[in-house]
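Below: the structure, in structure tokens.
The values are calculated or read from the model by the stated rules, or taken from the named source; none is laboratory data. Given the structure is predicted, the values throughout are model-derived calculations rather than measurements. Methodologically, a virtual Cβ is constructed for each residue, glycine included, from the backbone with ideal geometry; neighbour enumeration extends over all protein chains shown. Only protein heavy atoms, including side chains, enter the accessible area calculation; ligands, DNA and RNA are left aside. Shrake-Rupley method; radii C 1.70, N 1.55, O 1.52, S 1.80 Å.
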Amino acid sequence: MTRFTQAELEAARDRLVPDVVAGGLRVLFCGINPGLMTAATGHHFARPGNRFWPVLHLSGFTPRLLKPSEQGELLSYGLGITNVVARATARADELSAEEYREGGLLLAEKVRGLRPHWLAVVGVTAYRAAFDERKAGVGPQERVIGDTRVWVLPNPSGLNAHWTAETMAREYARLRVAAEE
């Protein structure tokens, strides 16, 4: 793992992290926004301690544990990654309500263009803020964007202590089964 100084991480705030997307994906995973490690490396969910990659594997979405640097391999499984907000921050609580709302509009536009079968927002708080769904919970949502169904998943950040990797993997696996139907 490459080590970055705090100055290098701070400089990464201005870098855009490219989406891993294609048309017609089975599932488009949507993070909240890139963290500084993600911005520095250009790889989604790159921070050590983030459980996205292990949970993706434990849930059966990938046949082996992928490293963030192997994110492009997701496309071969019909999976992709984007974010609600493009701006990199050290913590998601640095984002404004307006950034979430604008991000939700841009995300909906992106989804209408890419037409994935499922949009999986990883973080119930981000989903609530981006789509003004104050009472939304984890699981499938009533919202549909074009023909795309929406599922809210637990945030895989190591800071989300309410969910273990195993309990998250069970929820991710529920989506995987739905996406296979």
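Charges on Cβ only, +1 for Lys and Arg, -1 for Asp and Glu, centred on the Cα centroid of the chain; of Thr167, Gly35, Val85, which one is farthest towards the dipole's positive end?
Highest projection toward the positive end goes to Thr167.
Keeping all protein chains in the complex and leaving out DNA, RNA and ligands, what accessible area do you get for Glu102 with a 1.4 Å probe, in Å² to the nearest 10?
For Glu102, solvent-accessible area is about 100 Å².
At 1.4 Å probe size, what's the solvent-accessible area of Val138? Round to the nearest 10 Å².
The value for Val138 is about 60 Å².
In terms of solvent-accessible area of protein heavy atoms at a 1.4 angstrom probe, what is the ranking of Thr148, Thr167, highest value first?
If we order Thr148, Thr167 from most to least accessible, we get Thr167, Thr148.
Got a number for carbon plus sulfur as a percent of region 15-96's accessible area, 1.4 Å probe?
Roughly 57 percent, rounded to a whole number.
With a cut-off of 8 Å between alpha carbons and a minimum separation of six or more residues, what is the relative contact order of region 8-147 in percent?
In percent, rounded to a whole number, it is 33.
Residues of region 40-127: accessible area per residue at 1.4 Å, in Å²?
Value for region 40-127: 45 Å² per residue.
Given the DSSP H assignment, sum -39500 (n - 2.57) over each helix run of at least 4 residues in the chain and divide by its residue total; what's the result at 222 nm in deg cm²/dmol, nearest 500?
That comes out to -10000 deg cm²/dmol.
Please state the shape class of region 1-106: rounded when a/c is under 1.5, otherwise prolate if a/b exceeds b/c and oblate if not, all from the C-alpha gyration tensor.
It comes out oblate by the Cα gyration axes.
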